[in-house]
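Values in this text are rule-based calculations from the coordinates and carry no lab data. Keep in mind that this is a model prediction, so the values were computed, not measured.
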């Protein structure tokens, strides 16, 4: 990738990452509401919650964030390739 292409891609990738993080938070919130019936996941420092529940919430959150990140990165790379006719690697 040329220096000009890299300079153009970085801000787009950063903006996409921020939007992806916001989307992942919203998706996780909806998934957790359906799975646990609660509006918020348990805080790992809240010792009144079970370790099992905290770890399940963390696993679900990690899975959602990983999937959203991969989808956003992939869509951003494909969009960049359509605009710049070059791979963003």
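Just a few scattered comments:
- For the chain: relative contact order, % (alpha-carbon pairs under 8 angstrom, 6 or more apart): 41 percent
- The C-alpha radius of gyration of the chain, expressed as a fraction of 2.2 N^0.38 Å, stands at 1.44.
- Theoretical gain in end-to-end length, residue 70 to residue 83 [0.36 nm per residue, Cα-Cα removed]: 2.7 nm
- Considering helices alone, the calculated mean residue ellipticity of the chain at 222 nm is -28000 deg cm²/dmol, with DSSP H runs of length four and up weighted by -39500 (n - 2.57) and normalised per residue.
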